[in-house]
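In what follows, a single structure is set out as structure tokens and then discussed.
The values are calculated or read from the model by the stated rules, or taken from the named source; none is laboratory data. Since the model is a prediction, treat every value here as computed from it, not as a measurement. Backbone-built Cβ (ideal geometry, glycine too); neighbour counts: all protein chains shown. For accessibility, only protein heavy atoms count, side chains too; no ligands or nucleic acids. Shrake-Rupley method; radii C 1.70, N 1.55, O 1.52, S 1.80 Å.
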Amino acid sequence: MTTYRLLLRPFGEADAADVFTLLSSPEVAAGMLSIPFPYPPDLARTWIRSRRAAAEEGRAFSWAITLADTSELLGSVTLTPEPGQSRAELGYWLGVPYWGRGYASEAVPAALNFGFGTLALHRIQATVFPRNPASARVLEKAGFRREGLLRGDAKKGGTFEDLILFARLRSDQDELSRLP
């Protein structure tokens, strides 16, 4: 998938070192429920290897977010469908050097087009920690609506934390067509 500045492509084994480097940041881990800190050295390779089977089985679709002109790896965006429910969970992350440049706001609509188009989903939802307003803003720019606060819903680092739930429906397609 391509956008104005980005190429979203499947991950390959050659991406493991860059994934490890980008996810070894405590700032990235702090904003992601599923990213541990410290990030284990072999986890990037294991995760990348799991992506092909997950896509083939329809369990998850993950793309490497790269710069179209240089192929530099910036982060990832993933859609995880829930079987039989016509909905999916959206997740994304960027390495710290790429924060604040609009890359997530450019990648998320491409993933939405895949979800609502190719997968014919009815609903795509995402959660963010309240301490991550930049991620909430990415979702709002992509037409997601804040649906509520999930109090103590997630356990991260031994602590129960709140999550803000955002969602976007396929019927919101008119707004999606106006996104970059």
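A few points about this structure:
- Verdict on SER105 being open to solvent by less than 50 Å² (accessible area, probe 1.4 Å), among the polar types (S, T, N, Q), in contact (Cβ under 8 Å) with a residue 60 or more places away in the chain and touching a strand residue (DSSP E or B) at 6+ places or on another chain (Cβ under 6 Å): no
To keep it simple, each residue is scored yes or no on (1) within 27 Å of SER171 (Cβ to Cβ); (2) surrounded by fewer than 15 Cβ atoms within 10 Å (Cβ to Cβ).
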position	(1), (2)
PRO36	no, yes
ARG49	no, yes
ALA55	yes, no
TRP63	yes, no
THR70	no, yes
TRP93	no, no
ARG101	no, yes
SER135	yes, no
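- Of all residues in segment 137-172 being touching a strand residue (DSSP E or B) at 6+ places or on another chain (Cβ under 7 Å) and closer than 18 Å to VAL28 by Cα, the one that is surrounded by the most Cβ atoms within 10 Å (Cβ to Cβ): LEU139
- Any pair with Cβ under 7 angstrom, 6 or more apart, that starts in segment 7-26 at a residue that is under 14 Å from ARG52 (Cα atoms) and ends at one that is among the polar types (S, T, N, Q): ARG9/THR66; PHE11/SER62
- Considered as a group, the residues in segment 135-180 that are of a type in the set (Gly, Ala, Ser) and closer than 16 Å to ALA110 by Cβ include one that is modelled with the lowest pLDDT, and that residue is SER177.
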